[in-house]
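Presented below is the structure to which this report refers.
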Amino acid sequence: MSLYTYKAVGPDGRTVLGRIDALNIVDLEMRLRRMELDLINGDLVSNRSLFGAGGVPRREIIHFCFHLELLVRAGVPILEGLSDLRDSLEHPRFREVVASMIESIEGGQRLSQAMSGQPKVFNKVFVSLISAGEATGRLPEVLQNLTESLKWEDELASQTKKLIMYPAFVGTIVLSATFFLMIYMVPQLKQFVKNMGQVLPLQTQVLFFVSDLLVAYWYVALLLPVVLGFALKVLLHINPLARVRFDGVKLKIPLIGDILRKIILSRFANTFALLYSSGIPIIESIRTTQDVVGNRVVRRGLERVEQLIGEGQNVTAAFHSIGFFPPLVIRMLRVGENTGSLDVALRNVSYFYNRDVKESVEKVQQLIEPMLTVVLGCLLGWIMLAVLGPVYDVISKIKT
């Protein structure tokens, strides 16, 4: 199929713009007609492979799961429920996705199979859970668990953004202030200090040298971080070993690394508990969660866990061998495995890490502000000492 952009008119006369997969322009018109839209014009998108079809916000998927759960629990057939949801959706891309799912189900596919055809919207974990719910007849419960899990992920993503955005914002201000001082303020004071005829101390010479470099090569100072960032991104994309090492370095960054480790393990424990409680075998659950941790080092550890469990080790011993989980969590897993309530133990692990992440993020935010203030104060103190030191020496000689 090809990707088409279209302009259509809805039942209420409102113009609708969007994108959808279709075989040709006739197929496009038929697909839009099923969505109760009348085609005005459509164009083939030639650069799909470069930009892709776009994703759907997590909030939209949360609302989708919540409403689909209510409809299924009330006994409404899947096709009718999806049709009602499609008509109520305002997000154009998600509306197209649901319309495509309806067509797939009308063609004989199950809900999970229709969702697997939209990998940019529904990941492997989502599809596996829906498939397990269909097989066990517990689809409403699975949809409810998915809703809660997606809400939790949304909150976790918010915590992660707080951890990253605040230091980045304050750090940018500090760097901007430094750049301004070196480019504008120091050159104005430089000639005045030199005209006093004093032998400049070392810190003043260093300050003027750095200022001269930035004035002469300011464009290099601005472009260098961008070039280095782009080069690092390309290197990580083409070199798997570099990606593994980079992910390992992220986990060792002071303050930040420990929080990232907790976020990754919290996401893993929550997803693993969700899969296991839905009736998916342990090994398959671990294999599925490897795609959601987002860190190659942790992924390798989980692959090792999968291998050890496959060789006959119990879950507790396998997780203990990779060295990522603290003793308290290992003890929770041991109790859960011995009592047959491993999913409850995993949820406790997720709760443990999630609470720890919130507290750690708050502590780091409280530390970062005074640390950056100290850095800026030291920088300003160095500049003032380097510039005013020679002036003070001249005044002292005049008094004597």
Subject >> Contour minus Cα-Cα distance for Glu90 and Tyr166 (0.36 nm per residue) >> reply: 24.1 nm
Original post:
What percent of all Cα-Cα pairs in the range 253-356 falls in each 10 Å bin, counting up from 0?
Top reply: 16, 55, 26, 3
Original post:
Angle between the Cα long axis of helix 25-34 and the longest principal axis of the chain, 0 to 90 degrees, nearest 10?
Top reply: 80 degrees
Original post:
With each pseudo-label sitting 7 Å past Cα toward Cβ, what's the Glu148-Asp38 distance in nm, one decimal?
Top reply: 4.8 nm
Subject >> Gln365/Val215 FRET efficiency (R0 35 Å; Cβ-Cβ; nearest 0.05) >> reply: 0.50
**OP:** Between Ser176 and Lys233, with labels modelled 7 Å along Cα→Cβ, what's the label distance in nm to one decimal, could you check?
**Re:** 2.2 nm
**OP:** Taking every pair of Cα atoms in the range 80-214, average 1/r, invert it to obtain the Kirkwood radius, and report Rg/Rh to two decimals.
**Re:** 1.46
Original post:
Given H placed 1.01 Å from N in the peptide plane, which residues other than close sequence neighbours of Val16 have an amide H under 5 Å from its amide H?
Top reply: Ala8, Val9, Gly10
**OP:** Please arrange Met185, Met332 by counting, for each residue, the other beta carbons lying within 10 Å of its beta carbon, fewest first.
**Re:** Met185, Met332
**OP:** With an 8 Å cut-off on Cα pairs and a minimum separation of 6 or more residues, tell me the relative contact order of the range 58-151 in percent.
**Re:** 34 percent
Subject >> Vicinal HN-Hα couplings computed from phi for the range 111-127 (Karplus, 6.51 cos²θ - 1.76 cosθ + 1.60; Hz; Gly/Pro x) >> reply: 4, 5, 5, 5, 5, 5, x, 10, x, 6, 10, 10, 6, 5, 4, 4, 5
Original post:
What is the gain in length, in nm to one decimal, between Thr339 and Lys250 on full extension, counting 0.36 nm per residue of separation less the C-alpha to C-alpha distance?
Top reply: 28.4 nm
Original post:
Counting Lys and Arg as +1 and Asp and Glu as -1, each charge on the Cβ, what is the dipole of the chain about the Cα centre in debye, to the nearest 20?
Top reply: 1560 debye
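Where a number appears in this text, it was derived from the coordinates with a stated rule and is not lab data. Here the structure is a predicted model, which means the values were calculated and not measured. Note that we place each Cβ from the backbone using ideal geometry, even for glycine, and neighbour counts take in every protein chain shown.
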